[in-house]
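Q: Have a look at the structure that comes next, please.
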Amino acid sequence: MKGFARRHRVEEAWRWIDEHTGPLPPITLPLEEASGRVLAQPITSPLSVPGFARAMMDGFALRGEETQGASAYNPLEFRILGESLPGRPFSGEVGPGQAVRIMTGAPMPQGANAVLPVEQCQWEQDKLLALGEVPPEKNVGKPGEDIRQGQVVLQPPRRLRPQDLGVLSSLGIALVEVVRPVKVKVLITGNEVVPAGRPKGPFAIYDANGPMLHALLKRDQAQVIVRKMLPDREDLLRQELQEGEADVVLVSGGSSVGQEDIAPRLVAQLGELAIHGLAMRPSSPAGMGRIGSSLVFLLPGNPVSCLCAYDFFAARAIRRLGGLPGQWPYRSRRFPLARKLVSQVGRTDYARVKITPEGQVMPVAVSGASVLSSTTEADGFVIVPEDSEGYPPGATVEVFLYDSVWDH
C-alpha cells in the first residue's frame with residue numbers, strides 16, 4: 001500500500017457501491033428471449049389453471065355415488081352417451097345411470113363428478129359395466145388446482161428459468177418485463193499485453209484478464225458492448241473513458257500510483273475517483289468512481305488481483321444494477337483447516353484454498369497476485385476479515401466454492 005494516502009476498508013467500498021446502484025429500468029422481451037433474465041415486476045395470473053374441471057386419467061365420467069357396491073362380481077350398468085376429448089368436450093349432461101367416455105385432460109361433462117378408470121370398465125357400443133367403485137371428485141382436476149386467477153406466480157428478483165417460461169406461457173403471457181442487461185465496457189491496458197493466439201516478444205505477456213473478465217461478466221448476466229486492449233497512452237484511455245453508453249467501465253491495469261498508472265488520474269479528472277487503494281490482499285491498488293452516468297472500476301493488472309477486485313466490487317455493482325442480490329454468487333460450505341491460515345490485522349485477505357480428500361481446508365496461496373494458477377488449483381477461497389490475524393489449525397472456516405455459481 002506504499003504511496004496511497006489512505007487505505008479504504010472493504011466495507012466502505014461496498015457501502016459506496018450500494019449507494020450508487022439499483023436495478024436498471026425494465027425492458028419487455030418475448031418469452032423465448034427471457035431465459036436467464038431477472039424479472040422486473042411481479043406476475044399475477046390472469047386466469048386459473050386449469051380453467052375447467054378435467055379428467056386426470058382415461059375412463060368414464062359419471063356420478064361417483066352411483067358406483068357404490070360395484071365390483072367384478074357385481075358389475076353395475078350405465079348407458080354411454082358419447083365421449084369427451086381434449087379440446088372437444090361432450091356437449092350434453094350426464095344424468096342418473098349414464099356415463100361419457102373421457103380422455104385424460106378432457107373437460108368433465110356437466111352432471112358428472114368422477115372418472116372411473118378404464119381398467120375398471122367393460123363396455124360395448126352404448127353399454128358400460130362398472131367393475132369397481134369411485135367416490136365423487138375422484139380422478140378429477142379442479143379449476144385453479146394448479147394456479148388460481150389473481151395469484152402472484154413469480155416475484156422479482158427472480159432469474160427466469162425454462163420452467164418459469166413454460167408456466168408463463170400456460171397463462172397466455174407472451175411478453176415479460178425484465179431488468180435491462182448491464183452494458184459493460186472492458187479496457188485492458190498495458191504496453192506489454194498481447195492477445196492470446198498472436199506472436200509475442202520475449203518481454204511481452206499474453207492477456208489473461210480479458211477472457212477472464214468476459215466470462216465473469218457473462219456469469220453475472222452483463223452485456224459486454226466493448227472489449228479493447230490499449231497501450232499505456234493517456235489520450236487513448238481518455239477517449240475510451242469519455243465515449244460510449246456503458247453502465248459500467250472496467251479498466252484492467254494501471255490502477256496503482258506509479259508513473260505509468262494513468263487510469264486513476266483520468267477518472268479523477270473526468271469525474272469522481274471515490275475510492276482508490278483498499279486495505280486488502282490482493283487487490284490493494286483497486287479503485288472505483290464515476291464518469292457521467294457510468295460507474296468505473298479500476299482493476300489491478302495482476303490476474304489474481306483482477307479476479308479478486310472484480311468479485312469484491314465490480315461484480316457486486318453489476319449484479320445490483322442487473323436486479324440480482326449483491327452478495328457473493330458462490331455456494332459456501334464450512335470446513336476445518338488442515339493448517340494455519342495467516343493474515344494481518346487491518347486488512348481483508350482473499351485466501352485461495354484447496355479441500356483435501358479428508359474434508360479439510362489447505363491454503364494454496366495467500367500472496368502472489370500474478371499467480372493465476374493458484375485459482376485453478378484452488379477449490380475456493382476464504383475471506384479473512386480485517387480484524388483477524390488468521391485462523392489456527394482445526395478452526396472451522398467458510399469456503400466460497402469456485403465451481404458452483406449461485407443461480408437465482
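Q: For the peptides 91-104, 132-145, 290-303, what is the packing order when you average, over each peptide's residues, the other Cβ atoms within 10 Å and list the highest mean first?
A: 290-303, 91-104, 132-145
Q: Moving on. Taking the Cα centre of the range 331-405 as the origin and placing charges on Cβ (Lys, Arg +1; Asp, Glu -1), which of F335, T356, S388 is farthest toward the positive end of the dipole?
A: T356
Q: Hey, of [x] 5, 20, 31, 27, 12, 4, 1, 0; [y] 5, 16, 15, 22, 24, 13, 5, 1, 0; [z] 5, 18, 20, 16, 11, 9, 9, 8, 4, 1, which did the structure itself give for P(r) over Cα pairs in 10 Å bins from 0, in percent when calculated?
A: Here P(r) over Cα pairs in 10 Å bins from 0, in percent agrees with entry [z].
Q: Which of the GluC sites (Glu not before Pro) across the range 212-291 are loop residues per DSSP, with 13 or fewer other Cβ within 10 Å?
A: E243, E245, E260
Q: Now for a different question. I need the helices of the chain that pass two filters: whole DSSP H segments spanning 20 Å or more by Cα along the axis, and mean Kyte-Doolittle score no lower than 0.0.
A: none
Q: If you wrap a convex hull around the alpha carbons of the range 54-141, what volume per residue comes out, as a whole number of Å³?
A: In the range 54-141, the Cα convex hull volume per residue is 69 Å³.
Q: I'd like to know which of G144, Q239, Y402 lies farthest towards the positive end of the charge dipole of the chain, counting +1 on Cβ of Lys and Arg and -1 on Cβ of Asp and Glu.
A: Q239
Q: Cross-chain or 8 or more residues apart, Cα under 24 Å: how many lysine pairs in the chain fit that? Count them up, please.
A: Lysine pairs meeting both conditions in the chain amount to 8.
Q: Can you tell me the length gained on complete extension of the stretch T356 to Y402, counting 0.36 nm per residue apart and subtracting the Cα distance?
A: This chain segment gains 15.0 nm when fully extended.
Q: Turning to a different aspect of this structure: Could you compute the net charge surrounding P393? Neighbours are other residues with a C-beta less than 12 Å from the C-beta of P393; K and R count +1, D and E count -1.
A: Neighbour charge sum, excluding P393 itself: +2.
Q: Bins of 5 Å, beginning at zero and ending with the bin holding the largest distance: percent of Cα pairs per bin for the range 1-89, please.
A: Histogram of Cα-Cα distances, whole percents per bin: 2, 7, 9, 9, 8, 7, 8, 6, 6, 6, 6, 5, 4, 4, 4, 3, 2, 2, 1, 0.
Q: How high is the relative contact order of the range 331-405, in percent, with contacts defined as C-alpha pairs under 8 Å that are six or more residues apart?
A: Relative contact order here is 47 percent.
Q: Follow-up. Relative to the compact-globule scaling 2.2 N^0.38 Å, provide the ratio for the alpha-carbon radius of gyration of the range 171-323.
A: Here the Cα radius of gyration is 1.07 times the empirical estimate.
Q: Further question on the same structure: So how strong a dipole does the chain carry about its Cα centre when Lys and Arg Cβ are +1 and Asp and Glu Cβ are -1, to the nearest 20 debye?
A: 1120 debye
FYI, it's all coordinate maths here, none of it is from the lab. Everything quoted here is computed from the prediction, not taken from an experiment. Backbone-built Cβ (ideal geometry, glycine too); neighbour counts: all protein chains shown.
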